[in-house]
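FYI, it's all coordinate maths here, none of it is from the lab. Nothing here was measured: the structure is a model prediction, and the numbers come from that model. Cβ placement follows ideal geometry from the backbone for every residue including glycine, while neighbour counts extend to all protein chains displayed.
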Amino acid sequence: MIRTAFWVAAAAAFALATAGPAAASDPAPAKPKRQCFLTDNVTNFSAIDSRTVNLRVGVKDVYQLDLLGTCPDIDWNHEIALVSRGSSWICSGLDATVITKGPIGPQRCAVRSVRKLTPQEIAALPSRAKP
């Protein structure tokens, strides 16, 4: 009987020792996964207004670009250029610039943020907003 109590106590002590301080507190929240895309994989776009552009990337993904300011004439253009800085990967707004045609020539529009839309958000987009 004493031996059984000893082994139970030893097992409990071992479990507490191996659990360490992580068991006492909540684990740190996981970092959000970076959602990047290659500029070569962009197949279409749709300008929602002069500050928001949706990009079709591949077959099923849609990324939304929030522009730093207004980008005149982007909502009626039939084509845009997407320029990346440093590499062909775009992961944040700092990585991209949108170039559109304007009445006085090309206009460069800085991107503030890039966000991958969820399948539910894509399904909820009005038809004119779907790239």
Estimated inter-spin distance, Thr118 and Ser50, nm [label 7 Å along Cα→Cβ]: 3.2 nm
Paramagnetic reach from Asn41 (point 7 Å along Cα→Cβ, amide N under 16 Å) across the range 108-131: 114-119
Long-range amide H partners of Leu117 with built H, under 5 Å: Val62, Tyr63, Gln64
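So if each residue of separation counts as 0.36 nm, and I subtract the Cα-Cα distance between Leu94 and Trp76, what length gain in nm does that give?
Gain in length upon complete extension: 4.0 nm.
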Shape call, the range 34-131: gyration tensor on alpha carbons, a/c limit 1.5: oblate
Charge dipole of the range 37-118 about the Cα centre (unit charges at C-beta), most positive-ward option of Gly93, Cys71, Asn41: Gly93
Burial ordering of Arg115, Arg51, Arg128, fewest other beta-carbon atoms within 10 Å first: Arg128, Arg115, Arg51
Within-14-Å neighbourhood charge of Val42 [Cβ basis; K, R +1; D, E -1]: -1
³J(HN,Hα), Karplus 6.51/-1.76/1.60, whole Hz, each residue of the range 85-97, x for Gly, Pro: 9, x, 8, 7, 8, 10, 10, 8, x, 5, 7, 9, 9
